[in-house]
Amino acid sequence: MSHIRQLNPCESRDLHLWLEEQGIDLNAKKRVKFSDVLPVATIAQTFYPRLVDLIHYTPSRHSVANKLQNWKVFNFTVLKKLNITLTETYMKELAQGQVGAIELLFYELFVRPVKIPSEEDRDYTTGKPDQIETSFGSEYGSKTTQE
């Protein structure tokens, strides 16, 4: 059973625009490629060059165990500093190439930080963006999201 939070239509649209902008096509073959953290870390290095050092990751080829170890390293060395923490279950789903896993991570890692709140996201009493509590910052990958 998957524990991956589904992106809402607006988040999904923003992600697809970002993927298109980056020239990334998430077909089945690419999903397998992104089940290892190295291609993800390479992309992350362009956005967060001071946080990502590619020497920490071992080539994993087809081993889910090695891919999982790479995800654990990436979680500890990079994501933790960005206040994103992946659960063990979610890292396994990433390593197995589960549908929706890499999309959610890409959204939270690359799209969400640069998204400017729209008028409908604003609290009309204060003029500030609404505070939306998600599972990020504590445990990444759980289904529970409170608004």
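The values are calculated or read from the model by the stated rules, or taken from the named source; none is laboratory data. On a predicted model such as this, the values are computed, not experimentally measured, just so you know. We place every Cβ from the backbone using ideal geometry, glycine too, and count neighbours over all the protein chains shown. Side chains are part of the model used for accessible areas, which takes the heavy atoms of the whole protein and leaves out ligands, DNA and RNA. Shrake-Rupley method; radii C 1.70, N 1.55, O 1.52, S 1.80 Å.
Quick look at the numbers
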read-out	value
Residue in region 55-81 that is modelled with the lowest pLDDT, counting only those that are touching a Leu at 6+ places or on another chain (Cβ under 7 Å) and of a type outside the set (S, T, N, Q)	TYR57
Residues satisfying the stated conditions in region 23-77, i.e. under 22 Å from PRO113 (Cα atoms), assigned to a helix (DSSP H, G or I) and open to solvent by 80 Å² or more (accessible area, probe 1.4 Å)	THR46, PHE47, PHE76
Region 78-96: number of residues that are open to solvent by 40 Å² or more (accessible area, probe 1.4 Å) and either acidic (Asp, Glu) or outside any helix (DSSP H, G or I) (or both)	4
Close pairs from region 97-111: first closer than 13 Å to ASN8 by Cα and part of a helix (DSSP H, G or I), partner of a type in the set (Gly, Ala, Ser) and open to solvent by less than 10 Å² (accessible area, probe 1.4 Å), Cβ under 8 Å, at least 6 apart	LEU104/GLY141
Hey, PHE106 modelled with pLDDT under 90, under 11 Å from the mean Cα position of the chain (by Cα) and not polar (S, T, N, Q) or not	no
Output for region 25-59, where each listed residue is free of Cβ contacts under 8 Å to residues at least 24 places away in the same chain and farther than 19 Å from ASN75 by Cα	ASP25, ASN27, ALA28, LYS29, LYS30
